[in-house]
Amino acid sequence: MNGLSEEVLADPVGLVVRLVGNVERHLEADRIREIVCTVMRERAGRRRLAQALHEDPSLLRTGRPPAPFCVARLLMALHEAGAQDIALPRCGECGRARPYVGSRSGGRRGCSPCFDKAADCAGCHQQRRVVSRDRHGNPRCAKCPDTDGDPFATLAGLITTVDPTLDAGAVQAALDRATVRKAGQRRLAWAITAQPDLLTGAGYDAPTPAVLRFIDALVQAGATRVVNPACYRCHEVKSLSKVLDGKRVCRNCFARNAAVPCTRCGSVREPAARDAEGRPLCPNCLVSDPVNLEECRDCGRRQKVAARLPDGPRCANCRPRTAAQCGICGRTGVCEISRVTGEPWCNRCQLRWAPCSGCGAVDHVRSGTWDAPLCAKCTNPDPDYWGRCPVCRPPGSSAPVPASDARSTGKYATSWPATRARSGRTSSLSTRHCPEPNAPQAPCSGYRARRSAACSGR
């Protein structure tokens with residue numbers, strides 16, 4: 001996958017620990033493993049680091065570029081932990097060993113003296129070190145700060161005029177919450193004074209995320225006329241964490257715009273990664289890829305990673321769970337926190353199917369109580385909230401529908417059996433949406449078919 005070696009794919013952290021241990025004699029293997037896992041927290045990053053050191057182990061002794069910046073980060077972290085045999089990373093501009101180097105666009109890395117180049121100051125017009133920039137983006141030296149008015153006083157006056165319920169103290173507190181550095185606060189004040197309608201609904205045009213944080217802080221402080229902006233695409237008030245066509249949009253709209261058919265399963269989703277040929281892979285196919293399965297620290301099986309603990313990954317069956325009172329059935333036992341309701345729910349309720357007390361359809365229980373369960377659509381009617389399997393999951397449902405347990409809802413109604421057999425037991429089902437209970441059913445090509453094939457191959 002993507003030209004990586006088998007050893008890198010199988011155990012990237014172990015490979016890095018072994019290569020570092022061959023050079024560094026003053027750090028224990030457990031300490032090196034902890035540093036590697038701290039520096040690179042994601043699997044893709046760990047593989048990039050392992051591949052770089054696998055191709056050129058001499059980077060640990062020389063620290064010379066060209067090399068991925070993750071190697072420089074590892075060298076800096078090892079030296080902070082007390083390493084003595086590992087080389088310091090070298091500046092890509094001057095070539096000197098430095099305890100800290102930064103990165104720039106284009107893969108460049110270097111030290112502060114090399115990156116902080118002198119420029120023509122907009123005040124004195126001399127070649128000097130840049131310490132700040134004015135409201136027009138021009139460089140300023142230490143002797144020529146931008147003194148064209150007080151941006152903070154102007155901002156406070158503007159906001160108190162727009163919303164008289166706020167005072168200068170509330171504005172300054174919101175400014176401190178939005179950004180800590182004075183330079184960032186000045187840029188924020190300049191942006192809002194140049195475009196005051198950012199405060200009253202046009203926040204999707206915000207030049208920096210700090211403007212959105214500032215608006216949210218004002219709203220939390222009790223503002224009545226300053227409002228959080230809505231997404232430019234869906235027009236819903238959400239967190240605007242992405243930029244699309246120069247406008248700030250929510251995560252869902254960005255994902256819809258980036259959605260393409262997965263090269264393996266065909267589902268139209270935002271790609272989570274791409275294969276060696278550059279073809280898109282959806283998140284489910286990415287985590288289900290055999291090269292991405294990892295050995296669970298408890299059961300020892302190679303499974304999809306459900307949780308990562310300091311001592312290693314855990315599968316879905318071995319992931320840590322806590323004892324709590326289930327928010328649906330009320331029993332106290334091992335539970336997980338539902339991402340839908342934010343309340344604990346036990347394993348029994350996670351697997352339960354029942355007639356919904358809201359719409360009457362027999363579906364997977366997602367909320368409510370034991371006597372009055374609610375399905376996915378009645379819990380959250382937004383169809384975009386729930387994931388959907390392109391093979392065997394009907395719209396609005398949150399779980400695969402096995403062939404023997406198929407049920408109908410609304411206009412997607414099909415023929416369902418009035419009874420089901422599970423482990424030799426027969427239980428009655430609602431026939432509200434079952435006009436032909438004895439009609440034959442086509443075999444499911446999705447969940448049950450794949451599960452049967454996997455079980456027969458064991």
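Quick note: the coordinates plus some simple rules give every number you see, no bench work behind them. This is a predicted model, so every value here is computed, not measured. Glycine also receives a Cβ, built like all others from the backbone with ideal geometry; neighbour counts cover every protein chain displayed.
The magnitude of the dipole of region 99-231, with charges of +1 and -1 set on the Cβ of Lys/Arg and Asp/Glu and taken from the Cα centre, is near 840 debye.
Local charge for Thr62 was computed over the other residues whose Cβ lies under 12 Å away, with Lys and Arg +1 and Asp and Glu -1, and equals +2. Counting 0.36 nm for each residue step from Glu93 to Asp371 and taking away their Cα separation leaves a gain of 93.1 nm. When the listed pairs Lys238/Lys377; Lys182/Lys242; Lys143/Lys242; Lys117/Lys182 are checked against a 29 Å cut-off, the alpha-carbon distance exceeds it for Lys143/Lys242. Spin-label pair Asp289-Thr224: with each label point 7 Å from Cα along the Cα-Cβ axis, the two points sit 5.6 nm from one another. Computed over region 205-307, relative contact order equals 12 percent, with contacts defined as Cα pairs under 8 Å that lie 6+ residues apart. Computed extension gain for Asn138 through Ala168, at 0.36 nm per residue and net of the alpha carbon distance, reaches 7.9 nm. Cross-link reach is defined here as a Cα-Cα straight distance under 16 Å, omitting same-chain residues fewer than 8 places apart; for Lys247 the aspartates and glutamates meeting it are Asp197, Asp205, Glu236. Taking 0.36 nm per residue of sequence separation and removing the Cα-Cα distance, the Glu6/Arg181 pair yields an extension gain of 58.4 nm. Between Thr147 and Glu343, the modelled labels are 6.3 nm apart [label points 7 Å from Cα along Cα→Cβ]. A simple spin-label model places pseudo-atoms 7 Å from Cα toward Cβ; at Cys359 and Val243 they are separated by 4.0 nm. In region 114-250, a dipole from Cβ-located charges (positive for Lys and Arg, negative for Asp and Glu) runs towards its positive end, and of Val227, Trp190, Thr154 it is Trp190 whose Cα lies farthest in that direction. For region 1-129, what's the relative contact order in percent, using C-alpha pairs closer than 8 Å and at least 6 residues apart? Relative contact order comes out at 18 percent. Normalised by the number of residues in region 255-303, the average gap of Cα pairs under 8 Å and 6 or more apart makes the relative contact order 23 percent. Apply 1/(1 + (r/R0)^6) to the Cβ-Cβ distance of Arg308 and Glu34, taking R0 = 22 Å, and write down the FRET efficiency to the nearest 0.05. Calculated value: 0.95.
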